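First up is the structure itself, then whatever we jot down about it.
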Amino acid sequence: MNRSSGILLSISSLPSPCGIGTLGKAAYEFADFLHAAGQKYWQMLPLGPTSYGDSPYQSFSSFAGNPYFIDLDMLVEDHLLNPSDLLEWDFGSDPRHVDYGKIYESRFSLLAKAKEAGWERDQEEVQQFIQENAWLSDYTLYMACKRHFQMQAWTEWKDQDLRFHKPEALKHYRTELKDDVELFTYIQFLFYQQWNALRAYLNKLGIRTIGDVPIYVPLDSADVWSEPEFFQLDENYIPKKVAGVPPDYFSEDGQLWGNPLYDWENMQADGYGWWIRRIGGAVRLFDVIRIDHFRGFSEYWAVPYGETTARNGSWVKGPGMNLVSALAGWFRENEFIAEDLGAASEGLRQLLSDSGWPGMKVLEFAFDSKEESDFLPHTYTKNCICYAGTHDNATLLEWLEDADPEDAAFARDYLGLSPYDKKTVSKKSSANDKKPSANDSDFLWAVLRAGQASVAKLFVAQIQDYLELGKGHRMNTPSTMGNWSWRLLPGELTSELADKILHLTRLYGRTDPEMLKKPAPDKKITKKSRD
């Protein structure tokens, strides 16, 4: 990875007329914006289908794509839907936030119509897709069965043989639920068709994708249902202990994630085949893989099943370099980022060093006026990734508003800014504010400059910070509900903003002159017309 920079934006946060960001026109326009701004990376959140709470870190599958991201206008262009079909549904009235309830109501009905129109037409391509994706068989049956059992978790399904993944039960339900199995197969076919076209477009522009691999998968997932032997479950497939993190910066009770923990002994005996398949799926989507909660490879926080907080857990030794070496050996051509945030341990520091993978530095964690911080840019080595803030953080302006006054003063001193002029300090910002005060704007851009100027090989900022957005614009507040809904508004990404970002990126040597010379590739992104 050469010296470069990128922008963090979830696919769901793109603007679109159908309620949620998709792989359609707005995604290509954002690619063009990245190119114009001299950015070489688009960092995304996980792309999998979401479940209760709408978190991309709690997905029904490690391999499947999110049906919500399939662009409906592209399906109209491909003669799979009629324009009038889209007018039948209410996708939500707030362009700034996703209404997941309305999206859930509309999407699967529309995708079922698309399947009716295209299943026979696309049979040759669909069959090839099935042959190339071994995970599809279990995932599509799992989703069909969830529908059959009113979306209950698989641990609650009435048929015990099906819960226990018995071959005869699988055969029976695959026949009985044939229509839904085909529907979920075609949905994945459409997702990957649109995703592959977008990724090819990005790569032609010289832009690479960074994607998260959450360290854990949910209990209610095709992954656990189909291969329970790789998880710490009892004889009834109930977790013995579950995942989380102890009390920390984000929460005084810790974070009780509730995911089943891995049976690392069984995984090692299998040569870590489960993880190799999982990373292989991620490599099909992303150019660079960020391992979320890398500390879990070193040691993981195990909480007894049934606890209501993460307080009463304990640290247990993880697979360490055995797993990292297996992944590095299988994926020699791929790059990894280790998300090593949170309370550091000697084991984590050693594993990060032994892996050679870059860790993360977050500028919002740097300005502690009371103690030394290795998140301050002057402490960096080249082999790290610098973030202004991640999807779990406030925007920079929100951080400034809520920061301890001594921390804010230290930050301004460190960044070479004069103390606040009380006469020009703005009132508290809100989601409706369009312009921060001059003081606040200067601070924000000074932080972005510090990240761009650092020796870190890659600098990444949320698009909200480049847009100078404050409270009401963060993507996620850990340990709370009602997240993951923030979106760009049409027209917010201007050529003036791209020029401003490009100037900074050039100033601090993070551009690729040859990339900027590349003309935009052809935007013909749908199949050939079948008139």
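The values are calculated or read from the model by the stated rules, or taken from the named source; none is laboratory data. The structure presented is a predicted model; accordingly, all values stated were derived computationally and were not measured. Note that we place each Cβ from the backbone using ideal geometry, even for glycine, and neighbour counts take in every protein chain shown. To get the accessible areas, we keep the full protein, side chains included, count just its heavy atoms, and leave off ligands, DNA and RNA. Shrake-Rupley method; radii C 1.70, N 1.55, O 1.52, S 1.80 Å.
Remarks
- Annotation: residue 273 fulfils all but one of (1) over 25 Å from the mean Cα position of the chain (by Cα); (2) without any contact (Cβ under 8 Å) to a residue 40 or more places away in the chain; (3) surrounded by fewer than 19 Cβ atoms within 10 Å (Cβ to Cβ); the unmet one is (1).
This table checks each residue for (1) of a type in the set (S, T, N, Q); (2) modelled with pLDDT under 95; (3) open to solvent by 30 Å² or more (accessible area, probe 1.4 Å).
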{"residue": "298", "(1), (2), (3)": "yes, no, no"}
{"residue": "305", "(1), (2), (3)": "no, no, yes"}
{"residue": "321", "(1), (2), (3)": "no, no, yes"}
{"residue": "325", "(1), (2), (3)": "yes, no, yes"}
{"residue": "343", "(1), (2), (3)": "no, yes, yes"}
{"residue": "349", "(1), (2), (3)": "no, no, yes"}
{"residue": "365", "(1), (2), (3)": "no, no, yes"}
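- Enumeration of residues in region 325-339 that are assigned to a strand (DSSP E or B) and of a type in the set (Gly, Ala, Ser): 338
- Test: residue in region 65-87 that is open to solvent by less than 30 Å² (accessible area, probe 1.4 Å), assigned to a loop (DSSP other than H, G, I, E, B) and touching a strand residue (DSSP E or B) at 6+ places or on another chain (Cβ under 9 Å): yes
- The set of residues in region 222-250 being under 30 Å from residue 364 (Cα atoms), crowded, with 18+ Cβ neighbours inside 10 Å and not hydrophobic (A, V, I, L, M, F, W, C) consists of 244, 246.
- Qualifying residues in region 508-531 (those that are basic (Lys, Arg), in a loop (DSSP other than H, G, I, E, B) and open to solvent by 90 Å² or more (accessible area, probe 1.4 Å)) - the one modelled with the highest pLDDT: 523
- Check on residue 505, part of a loop (DSSP other than H, G, I, E, B), of a type in the set (Val, Ile, Thr) and either at pLDDT 95 or above or loosely packed, with under 15 Cβ neighbours inside 10 Å (or both): no
- Condition broken by residue 165, with the remaining ones in (1) surrounded by fewer than 17 Cβ atoms within 10 Å (Cβ to Cβ); (2) touching an Asp or Glu at 6+ places or on another chain (Cβ under 9 Å) satisfied: (1)
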